[in-house]
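The values are calculated or read from the model by the stated rules, or taken from the named source; none is laboratory data. Computed from a predicted structure; not experimentally measured. Don't worry about glycine lacking a Cβ; one is built from the backbone with ideal geometry, like all the others, and counts go over all protein chains shown.
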Amino acid sequence: MADTKLDSSPTGVEAGLPAGAEVGASPDASTPPRPVIQIVPLKGLPIVAVFIGFLVASIGFNWRWGLDFNHVAGGGLWTGIDLFVGLIVGPILGRLSIPARAEFSAKFMPKMVLVMPTLVAMTLASGFQLALDLGNLKASSPNHAWLMVSFVVVGVMAVIALGVLEPANIAVLFEMRKPRPNGELIGRLMKRFIYTAGITGLMQIATLVIMTRVASR
Amino acid sequence: MSVKSAQGPAGVGAEQRFAPIAELAGAALVLIVVGGIYMASYAPRRPPLTVPICLAAASGALLAVNVVLLLRTRGLAWDKFFLVGRWTLLSYVIAAALIEFAFVKDHTRGGALVVLTAMLALFAVNVPLIVAFTVARFQAARIDAT
(Lines give C-alpha, C1' and ligand atoms only; values in the text may rest on other atoms or scores of the structure.)
Protein backbone atom coordinates (compact mmCIF):
# COMPACT_ATOMS: atom_id res chain seq x y z
CA MET A 1 0.00 0.00 0.00
CA ALA A 2 2.97 2.25 0.38
CA ASP A 3 3.60 2.06 -3.33
CA THR A 4 0.79 4.34 -4.35
CA LYS A 5 2.25 6.90 -6.69
CA LEU A 6 0.30 7.39 -9.87
CA ASP A 7 1.28 8.11 -13.35
CA SER A 8 0.42 11.55 -14.62
CA SER A 9 -1.75 10.63 -17.57
CA PRO A 10 -5.13 12.32 -17.72
CA THR A 11 -8.25 10.25 -17.25
CA GLY A 12 -11.88 10.40 -18.15
CA VAL A 13 -12.94 10.88 -14.54
CA GLU A 14 -10.84 13.98 -14.26
CA ALA A 15 -11.90 14.97 -17.76
CA GLY A 16 -15.53 14.90 -16.69
CA LEU A 17 -17.00 11.97 -18.57
CA PRO A 18 -20.53 11.14 -17.46
CA ALA A 19 -21.10 8.48 -14.82
CA GLY A 20 -21.49 5.12 -16.43
CA ALA A 21 -19.11 5.84 -19.24
CA GLU A 22 -15.96 3.89 -19.61
CA VAL A 23 -13.14 6.29 -19.14
CA GLY A 24 -11.01 6.83 -22.18
CA ALA A 25 -7.26 6.57 -22.12
CA SER A 26 -6.43 9.08 -24.75
CA PRO A 27 -4.49 11.95 -23.24
CA ASP A 28 -5.73 15.43 -23.90
CA ALA A 29 -3.41 18.40 -23.69
CA SER A 30 -6.13 20.55 -22.12
CA THR A 31 -6.78 18.07 -19.31
CA PRO A 32 -4.94 18.71 -16.07
CA PRO A 33 -2.52 15.99 -14.94
CA ARG A 34 -3.94 13.28 -12.70
CA PRO A 35 -3.62 13.88 -8.98
CA VAL A 36 -1.10 11.71 -7.19
CA ILE A 37 -3.05 9.47 -4.83
CA GLN A 38 -1.51 7.94 -1.76
CA ILE A 39 -4.02 5.55 -0.23
CA VAL A 40 -2.33 5.78 3.17
CA PRO A 41 -0.50 9.11 3.57
CA LEU A 42 2.75 7.83 5.05
CA LYS A 43 3.75 11.24 6.39
CA GLY A 44 0.73 11.11 8.68
CA LEU A 45 1.66 7.82 10.32
CA PRO A 46 4.12 9.32 12.86
CA ILE A 47 1.41 11.77 13.96
CA VAL A 48 -1.04 8.90 14.39
CA ALA A 49 1.62 7.00 16.37
CA VAL A 50 2.05 9.99 18.71
CA PHE A 51 -1.69 10.16 19.41
CA ILE A 52 -2.02 6.40 19.89
CA GLY A 53 1.04 6.44 22.17
CA PHE A 54 -0.54 9.24 24.18
CA LEU A 55 -3.75 7.21 24.41
CA VAL A 56 -1.94 4.07 25.57
CA ALA A 57 0.01 6.07 28.18
CA SER A 58 -3.17 7.73 29.42
CA ILE A 59 -4.86 4.36 29.88
CA GLY A 60 -1.75 2.66 31.22
CA PHE A 61 -1.12 5.27 33.89
CA ASN A 62 -4.81 6.06 34.41
CA TRP A 63 -3.92 9.65 33.66
CA ARG A 64 -7.16 11.53 34.20
CA TRP A 65 -6.33 14.62 32.13
CA GLY A 66 -5.04 12.44 29.31
CA LEU A 67 -8.21 10.34 29.37
CA ASP A 68 -10.39 13.47 29.42
CA PHE A 69 -8.39 15.03 26.57
CA ASN A 70 -8.58 11.91 24.41
CA HIS A 71 -12.28 11.45 25.04
CA VAL A 72 -13.44 15.07 24.77
CA ALA A 73 -11.12 16.20 21.96
CA GLY A 74 -11.38 12.93 20.05
CA GLY A 75 -15.14 12.64 20.48
CA GLY A 76 -15.78 16.30 19.63
CA LEU A 77 -13.72 16.08 16.46
CA TRP A 78 -15.22 12.72 15.47
CA THR A 79 -18.78 13.95 15.88
CA GLY A 80 -18.02 17.34 14.36
CA ILE A 81 -16.25 15.96 11.31
CA ASP A 82 -18.92 13.31 10.78
CA LEU A 83 -21.77 15.81 10.88
CA PHE A 84 -19.88 18.47 8.90
CA VAL A 85 -18.94 16.04 6.16
CA GLY A 86 -22.35 14.35 6.11
CA LEU A 87 -24.52 17.45 6.26
CA ILE A 88 -22.39 20.22 4.71
CA VAL A 89 -19.59 18.83 2.55
CA GLY A 90 -21.53 15.81 1.21
CA PRO A 91 -24.43 17.73 -0.35
CA ILE A 92 -22.03 20.33 -1.82
CA LEU A 93 -19.86 17.55 -3.24
CA GLY A 94 -22.90 15.93 -4.80
CA ARG A 95 -23.60 19.11 -6.80
CA LEU A 96 -20.04 19.54 -8.10
CA SER A 97 -18.87 18.41 -11.50
CA ILE A 98 -17.37 14.94 -11.74
CA PRO A 99 -13.79 16.25 -12.22
CA ALA A 100 -14.15 18.50 -9.18
CA ARG A 101 -15.57 15.60 -7.14
CA ALA A 102 -12.73 13.33 -8.23
CA GLU A 103 -10.07 15.91 -7.41
CA PHE A 104 -11.58 16.65 -4.01
CA SER A 105 -11.97 12.96 -3.17
CA ALA A 106 -8.40 12.17 -4.25
CA LYS A 107 -7.07 14.66 -1.71
CA PHE A 108 -9.71 14.26 1.00
CA MET A 109 -10.25 10.52 1.35
CA PRO A 110 -6.64 9.42 2.03
CA LYS A 111 -6.52 11.86 4.93
CA MET A 112 -9.76 10.42 6.31
CA VAL A 113 -8.19 6.94 6.18
CA LEU A 114 -5.83 8.11 8.94
CA VAL A 115 -7.87 10.75 10.78
CA MET A 116 -11.12 8.92 11.50
CA PRO A 117 -9.79 5.61 12.89
CA THR A 118 -7.40 7.59 15.12
CA LEU A 119 -10.20 9.78 16.48
CA VAL A 120 -12.47 6.77 16.99
CA ALA A 121 -9.76 4.86 18.88
CA MET A 122 -8.97 7.89 21.06
CA THR A 123 -12.63 8.45 21.88
CA LEU A 124 -13.75 4.91 22.58
CA ALA A 125 -10.75 3.56 24.47
CA SER A 126 -10.47 6.58 26.76
CA GLY A 127 -14.26 6.74 27.16
CA PHE A 128 -14.47 3.17 28.39
CA GLN A 129 -11.61 3.77 30.83
CA LEU A 130 -13.22 6.98 32.10
CA ALA A 131 -16.56 5.23 32.57
CA LEU A 132 -14.86 2.53 34.62
CA ASP A 133 -12.91 5.03 36.73
CA LEU A 134 -15.93 7.22 37.38
CA GLY A 135 -18.14 4.25 38.24
CA ASN A 136 -20.58 5.04 35.46
CA LEU A 137 -20.57 1.43 34.26
CA LYS A 138 -21.78 0.04 37.59
CA ALA A 139 -25.34 -1.22 37.41
CA SER A 140 -26.21 1.03 40.37
CA SER A 141 -25.01 4.17 38.56
CA PRO A 142 -27.73 6.50 37.25
CA ASN A 143 -25.66 6.77 34.08
CA HIS A 144 -25.53 3.01 33.47
CA ALA A 145 -28.56 2.89 31.16
CA TRP A 146 -27.34 5.90 29.18
CA LEU A 147 -23.96 4.28 28.65
CA MET A 148 -25.58 1.05 27.48
CA VAL A 149 -27.50 3.06 24.89
CA SER A 150 -24.27 4.77 23.85
CA PHE A 151 -22.65 1.32 23.41
CA VAL A 152 -25.43 0.38 21.00
CA VAL A 153 -25.08 3.69 19.15
CA VAL A 154 -21.32 3.19 18.84
CA GLY A 155 -21.89 -0.42 17.76
CA VAL A 156 -24.15 0.67 14.91
CA MET A 157 -21.65 3.32 13.82
CA ALA A 158 -18.78 0.81 14.05
CA VAL A 159 -20.53 -1.69 11.80
CA ILE A 160 -21.35 1.03 9.25
CA ALA A 161 -17.85 2.51 9.34
CA LEU A 162 -15.90 -0.75 9.31
CA GLY A 163 -18.22 -2.86 7.20
CA VAL A 164 -19.49 -0.34 4.65
CA LEU A 165 -17.66 2.98 4.53
CA GLU A 166 -14.00 2.03 4.97
CA PRO A 167 -14.04 -0.73 2.32
CA ALA A 168 -15.82 1.63 -0.10
CA ASN A 169 -13.36 4.43 0.65
CA ILE A 170 -10.32 2.25 -0.07
CA ALA A 171 -11.95 0.65 -3.12
CA VAL A 172 -12.63 4.14 -4.56
CA LEU A 173 -9.00 5.12 -4.00
CA PHE A 174 -7.79 1.97 -5.76
CA GLU A 175 -10.15 2.61 -8.67
CA MET A 176 -8.90 6.19 -8.98
CA ARG A 177 -5.33 4.93 -9.23
CA LYS A 178 -6.13 2.97 -12.39
CA PRO A 179 -5.01 4.39 -15.73
CA ARG A 180 -8.70 4.34 -16.75
CA PRO A 181 -10.89 4.73 -13.65
CA ASN A 182 -14.51 3.66 -14.00
CA GLY A 183 -16.63 6.71 -13.19
CA GLU A 184 -19.79 4.59 -12.84
CA LEU A 185 -18.14 2.29 -10.29
CA ILE A 186 -16.77 5.22 -8.30
CA GLY A 187 -20.22 6.82 -8.31
CA ARG A 188 -21.81 3.54 -7.15
CA LEU A 189 -19.33 3.15 -4.29
CA MET A 190 -19.70 6.79 -3.27
CA LYS A 191 -23.47 6.28 -2.97
CA ARG A 192 -22.76 4.19 0.12
CA PHE A 193 -21.65 7.39 1.84
CA ILE A 194 -24.92 9.09 0.96
CA TYR A 195 -27.07 6.15 2.05
CA THR A 196 -25.35 5.88 5.42
CA ALA A 197 -24.96 9.62 6.10
CA GLY A 198 -28.47 9.83 7.55
CA ILE A 199 -27.91 6.91 9.91
CA THR A 200 -24.53 8.08 11.17
CA GLY A 201 -25.88 11.64 11.50
CA LEU A 202 -28.72 10.40 13.71
CA MET A 203 -26.31 8.28 15.74
CA GLN A 204 -23.96 11.23 16.23
CA ILE A 205 -26.79 13.47 17.40
CA ALA A 206 -27.87 10.69 19.79
CA THR A 207 -24.27 10.55 21.04
CA LEU A 208 -24.28 14.30 21.71
CA VAL A 209 -27.53 13.97 23.71
CA ILE A 210 -26.29 10.95 25.68
CA MET A 211 -22.84 12.34 26.49
CA THR A 212 -24.07 15.77 27.58
CA ARG A 213 -26.72 14.02 29.66
CA VAL A 214 -24.12 11.76 31.32
CA ALA A 215 -21.72 14.65 31.95
CA SER A 216 -24.39 16.76 33.64
CA ARG A 217 -25.45 14.17 36.21
CA MET B 1 -17.02 -20.40 -6.93
CA SER B 2 -18.26 -19.88 -10.39
CA VAL B 3 -18.32 -16.36 -11.64
CA LYS B 4 -21.32 -14.94 -13.46
CA SER B 5 -21.04 -12.05 -15.80
CA ALA B 6 -23.45 -9.23 -16.42
CA GLN B 7 -23.34 -6.51 -18.99
CA GLY B 8 -22.29 -3.19 -17.49
CA PRO B 9 -24.70 -0.26 -17.54
CA ALA B 10 -22.77 1.55 -20.22
CA GLY B 11 -22.52 -1.56 -22.28
CA VAL B 12 -18.79 -1.32 -22.35
CA GLY B 13 -17.78 -3.92 -19.84
CA ALA B 14 -18.88 -7.01 -18.01
CA GLU B 15 -19.07 -7.26 -14.25
CA GLN B 16 -18.31 -10.38 -12.31
CA ARG B 17 -20.56 -11.53 -9.50
CA PHE B 18 -19.00 -13.06 -6.44
CA ALA B 19 -20.25 -15.02 -3.47
CA PRO B 20 -21.55 -12.75 -0.66
CA ILE B 21 -18.24 -12.82 1.20
CA ALA B 22 -18.32 -9.17 2.30
CA GLU B 23 -21.93 -9.56 3.46
CA LEU B 24 -21.12 -12.69 5.49
CA ALA B 25 -18.07 -11.02 7.01
CA GLY B 26 -20.29 -8.03 7.85
CA ALA B 27 -22.74 -10.36 9.60
CA ALA B 28 -19.83 -11.93 11.52
CA LEU B 29 -18.72 -8.44 12.51
CA VAL B 30 -22.23 -7.60 13.77
CA LEU B 31 -22.19 -10.72 15.98
CA ILE B 32 -18.83 -9.70 17.43
CA VAL B 33 -19.99 -6.14 18.08
CA VAL B 34 -23.14 -7.42 19.83
CA GLY B 35 -21.04 -9.78 21.92
CA GLY B 36 -18.61 -7.00 22.80
CA ILE B 37 -21.45 -4.69 23.85
CA TYR B 38 -22.97 -7.49 25.93
CA MET B 39 -19.69 -8.13 27.76
CA ALA B 40 -18.88 -4.45 28.22
CA SER B 41 -22.33 -3.83 29.70
CA TYR B 42 -21.36 -6.04 32.67
CA ALA B 43 -18.09 -4.23 33.41
CA PRO B 44 -16.60 -4.10 35.98
CA ARG B 45 -18.42 -7.32 36.99
CA ARG B 46 -17.69 -10.69 35.40
CA PRO B 47 -20.16 -11.24 32.56
CA PRO B 48 -22.05 -14.51 32.04
CA LEU B 49 -20.26 -16.14 29.13
CA THR B 50 -22.94 -18.28 27.46
CA VAL B 51 -24.25 -15.56 25.15
CA PRO B 52 -20.81 -14.20 24.13
CA ILE B 53 -19.53 -17.73 23.48
CA CYS B 54 -22.53 -18.48 21.25
CA LEU B 55 -22.06 -15.20 19.38
CA ALA B 56 -18.32 -15.79 18.95
CA ALA B 57 -18.96 -19.35 17.78
CA ALA B 58 -21.54 -18.17 15.24
CA SER B 59 -19.14 -15.49 14.05
CA GLY B 60 -16.35 -18.08 13.77
CA ALA B 61 -18.65 -20.35 11.76
CA LEU B 62 -19.42 -17.51 9.36
CA LEU B 63 -15.69 -16.85 9.01
CA ALA B 64 -15.08 -20.53 8.24
CA VAL B 65 -17.81 -20.47 5.57
CA ASN B 66 -16.20 -17.35 4.16
CA VAL B 67 -12.79 -19.00 3.96
CA VAL B 68 -14.32 -21.89 2.02
CA LEU B 69 -16.11 -19.48 -0.33
CA LEU B 70 -12.89 -17.51 -0.81
CA LEU B 71 -10.93 -20.66 -1.67
CA ARG B 72 -13.53 -21.44 -4.34
CA THR B 73 -13.52 -17.92 -5.76
CA ARG B 74 -12.27 -17.42 -9.29
CA GLY B 75 -11.51 -14.14 -10.98
CA LEU B 76 -10.69 -12.16 -7.86
CA ALA B 77 -7.70 -9.78 -8.02
CA TRP B 78 -5.74 -11.87 -5.54
CA ASP B 79 -2.66 -9.63 -5.67
CA LYS B 80 -4.77 -6.68 -4.52
CA PHE B 81 -6.59 -8.89 -2.00
CA PHE B 82 -3.33 -9.84 -0.29
CA LEU B 83 -1.81 -6.37 -0.66
CA VAL B 84 -4.75 -4.67 1.07
CA GLY B 85 -5.40 -7.61 3.38
CA ARG B 86 -1.97 -7.72 4.97
CA TRP B 87 -1.81 -3.99 5.71
CA THR B 88 -5.34 -3.76 7.07
CA LEU B 89 -4.72 -6.93 9.07
CA LEU B 90 -1.66 -5.29 10.59
CA SER B 91 -3.62 -2.17 11.53
CA TYR B 92 -6.54 -4.12 13.02
CA VAL B 93 -4.25 -6.46 14.95
CA ILE B 94 -2.75 -3.31 16.52
CA ALA B 95 -6.27 -2.00 17.26
CA ALA B 96 -7.32 -5.33 18.76
CA ALA B 97 -4.15 -5.45 20.85
CA LEU B 98 -4.94 -1.97 22.16
CA ILE B 99 -8.41 -3.08 23.23
CA GLU B 100 -7.00 -6.26 24.79
CA PHE B 101 -4.45 -4.16 26.67
CA ALA B 102 -7.23 -1.97 28.11
CA PHE B 103 -9.24 -4.98 29.28
CA VAL B 104 -6.21 -6.75 30.79
CA LYS B 105 -5.30 -3.52 32.56
CA ASP B 106 -8.83 -3.44 33.95
CA HIS B 107 -8.34 -6.89 35.47
CA THR B 108 -10.33 -8.95 32.97
CA ARG B 109 -9.18 -12.51 33.63
CA GLY B 110 -10.01 -16.17 33.09
CA GLY B 111 -12.84 -17.26 30.80
CA ALA B 112 -13.95 -13.70 30.10
CA LEU B 113 -10.47 -12.83 28.81
CA VAL B 114 -10.38 -15.96 26.63
CA VAL B 115 -13.77 -15.15 25.06
CA LEU B 116 -12.78 -11.52 24.63
CA THR B 117 -9.50 -12.51 22.96
CA ALA B 118 -11.35 -14.84 20.59
CA MET B 119 -13.79 -12.07 19.71
CA LEU B 120 -10.99 -9.59 19.12
CA ALA B 121 -9.21 -12.11 16.90
CA LEU B 122 -12.40 -12.53 14.86
CA PHE B 123 -12.76 -8.74 14.69
CA ALA B 124 -9.14 -8.35 13.56
CA VAL B 125 -9.65 -10.88 10.75
CA ASN B 126 -13.17 -9.96 9.59
CA VAL B 127 -12.63 -6.24 8.99
CA PRO B 128 -9.52 -6.75 6.80
CA LEU B 129 -11.43 -9.50 4.98
CA ILE B 130 -14.25 -7.08 4.14
CA VAL B 131 -11.86 -4.33 3.06
CA ALA B 132 -9.56 -6.59 1.03
CA PHE B 133 -12.42 -8.43 -0.67
CA THR B 134 -14.25 -5.20 -1.53
CA VAL B 135 -11.12 -3.76 -3.14
CA ALA B 136 -10.18 -6.98 -4.93
CA ARG B 137 -13.64 -7.67 -6.34
CA PHE B 138 -13.83 -4.24 -7.94
CA GLN B 139 -10.27 -4.47 -9.20
CA ALA B 140 -11.39 -7.57 -11.04
CA ALA B 141 -14.83 -6.22 -11.86
CA ARG B 142 -14.27 -4.89 -15.35
CA ILE B 143 -13.61 -6.95 -18.39
CA ASP B 144 -13.08 -4.46 -21.14
CA ALA B 145 -14.99 -5.16 -24.28
CA THR B 146 -12.25 -3.72 -26.44
In the stretch A:178-217, the residues that are more than 14 Å from chain B (Cβ to nearest Cβ), touching a residue at least 24 places away in the same chain (Cβ under 8 Å) and part of a loop (DSSP other than H, G, I, E, B) | A:Arg217
Which one of B:Phe133, B:Phe138 is within 10 Å of chain A (Cβ to nearest Cβ) and modelled with pLDDT under 95?
-> B:Phe138
How many residues are more than 10 Å from chain B (Cβ to nearest Cβ), closer than 14 Å to B:Pro44 by Cβ and among the polar types (S, T, N, Q) when one looks only at the stretch A:108-135?
-> 0
Looking across the stretch A:59-68 at residues that are within 12 Å of another protein chain (Cβ to nearest Cβ) and either more than 12 Å from B:Leu98 (Cβ to Cβ) or aliphatic (A, V, I, L, M) (or both), the single one that is nearest to the chain's Cα centre (by Cα) is A:Leu67
Verdict on A:Ser126 being in contact with a helix residue (DSSP H, G or I) (Cβ under 6 Å, 6 or more places away or on another chain), closer than 16 Å to A:Met203 by Cα and among the small types (Gly, Ala, Ser) | no
Here is a list of conditions, (1) away from chain B (no Cβ under 12 Å); (2) surrounded by 17 or more Cβ atoms within 10 Å (Cβ to Cβ); (3) free of Cβ contacts under 8 Å to residues at least 24 places away in the same chain, and A:Gly75 meets all of them except one; can you say which number that is?
-> (3)
Do the conditions hold for B:Leu63, that is, is it crowded, with 22+ Cβ neighbours inside 10 Å and either in a loop (DSSP other than H, G, I, E, B) or of a type in the set (A, V, I, L, M, F, W, C) (or both)?
-> no
Mind checking whether some residue in the stretch B:84-96 is under 20 Å from B:Arg17 (Cβ atoms) and not basic (Lys, Arg)?
-> no
Single residue of the stretch A:136-148 satisfying the filter (at the interface with chain B (Cβ under 9 Å from one of its Cβ atoms) and over 25 Å from the mean Cα position of the chain (by Cα)) that is surrounded by the fewest Cβ atoms within 10 Å (Cβ to Cβ) = A:Ala139
Residues that are polar (S, T, N, Q) and touching a residue at least 24 places away in the same chain (Cβ under 8 Å): which helices (runs of 4 or more DSSP H) entirely in the stretch A:87-177 hold 3 or more of them?
-> A:98-134
Working carefully through the options B:Asp79, B:Asp106, find the one that is touching a residue at least 40 places away in the same chain (Cβ under 8 Å) and of a type in the set (D, E, K, R).
-> B:Asp106
Across the stretch B:83-130, the tally of residues that are within 11 Å of chain A (Cβ to nearest Cβ), farther than 27 Å from A:Leu67 by Cβ and exposed (fewer than 15 other Cβ atoms within 10 Å of the Cβ) stands at 1
Hits in the stretch A:105-128 (condition: closer than 25 Å to A:Ala171 by Cα and of a type in the set (S, T, N, Q)) | A:Ser105, A:Thr118
Out of (1) at pLDDT below 75; (2) surrounded by 14 or more Cβ atoms within 10 Å (Cβ to Cβ), the odd one out for A:Ser8 is which?
-> (2)
Within the stretch B:22-51, can you find the residues that are in contact with a Gly (Cβ under 8 Å, 6 or more places away or on another chain) and more than 14 Å from every other protein chain (Cβ to nearest Cβ)?
-> B:Leu49, B:Val51
